[in-house]
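Enquirer: Quick one: the structure is below, questions incoming.
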Amino acid sequence: MVLTFIEYFKMRKTIYLTGFLLFAIACESNTYEEISDNTPIADLVRYETNVKPIIENSCISCHSSSSFKPLSNYNEVKDNIDIIINRIQRPNGDPLRMPQGGSMSSNQINLIVKWKNDGLIEK
Ligand code: HEC
């Protein structure tokens with residue numbers, strides 16, 4: 001098939017445009033959350049600085065000090081760490097998954113797992 005010059009340039013324009021669009025879509029899907037989730041957590045994880053803010057944000061509304069299952073201080077979280085890790089690592093849609101009715105990023109989940117592996121440091 002013989003292309004005229006005009007057809008040839010039109011085709012090239014379409015190919016460039018398609019390429020650019022694909023590139024833009026690929027960049028767009030790399031949201032901040034995904035990038036930060038793949039970043040290894042380098043430092044030692046500590047309750048006061050790292051774990052407490054997550055628990056306060058995602059769990060305390062139901063697990064306050066006066067609740068059936070308080071997670072409101074270092075000892076309460078430490079003493080329940082295995083069941084906490086079990087609950088937050090359950091698959092989406094599992095009725096036992098915590099936080100109930102909410103969600104946590106995989107970075108936050110990894111951080112709590114690493115807190116245990118680092119030795120449950122308080123401060
Ligand atoms: C909207 C309320 C709500 C939120 C938010 C919530 N929970 Fe729960 N949680 C519950 C309820 C209700 C139960 C009891 C039912 C069950 O065992 O699933 C429970 C049970 C648990 C248990 C099991 C307790 C036991 O003795 O077996 C753990 C551990 C737990 N939650 C941890 C967490 C953690 C960690 C978070 C935050 C990441 C969280 N929950 C957020 C309502 C909540």
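The values are calculated or read from the model by the stated rules, or taken from the named source; none is laboratory data. Quick caveat, the model's predicted, so the values are computed rather than measured. All Cβ positions, glycine included, derive from the backbone under ideal geometry; neighbour counts span all protein chains shown.
Enquirer: Quick check: is even one residue across the stretch 71-79 touching a Ser or Thr at 6+ places or on another chain (Cβ under 6 Å) and at pLDDT 95 or above? Break it down into steps so the answer makes sense when it comes.
Expert: First, pick out the residues of the stretch 71-79 that are touching a Ser or Thr at 6+ places or on another chain (Cβ under 6 Å): 72.
So of that shortlist, the ones also at pLDDT 95 or above come out as 72.
Yes: one or more hits.
Enquirer: Could you list, in sequence order, all residues of the stretch 92-109 that are part of a loop (DSSP other than H, G, I, E, B) and more than 10 Å from the ligand (Cβ to nearest atom)?
Expert: Those that are part of a loop (DSSP other than H, G, I, E, B) and more than 10 Å from the ligand (Cβ to nearest atom): 92, 93, 105.
Enquirer: Which numbered condition trips up residue 86, out of (1) modelled with pLDDT of 95 or more; (2) of a type in the set (S, T, N, Q); (3) assigned to a loop (DSSP other than H, G, I, E, B)?
Expert: Here residue 86 clears every test but (3).
Enquirer: Mind checking which residues of the stretch 48-57 are buried (at least 19 other Cβ atoms within 10 Å of the Cβ) and within 13 Å of the ligand (Cβ to nearest atom)?
Expert: Step one: filter the stretch 48-57 for residues buried (at least 19 other Cβ atoms within 10 Å of the Cβ), giving 50-51, 54-55.
Matches in the stretch 48-57: 51, 54, 55.
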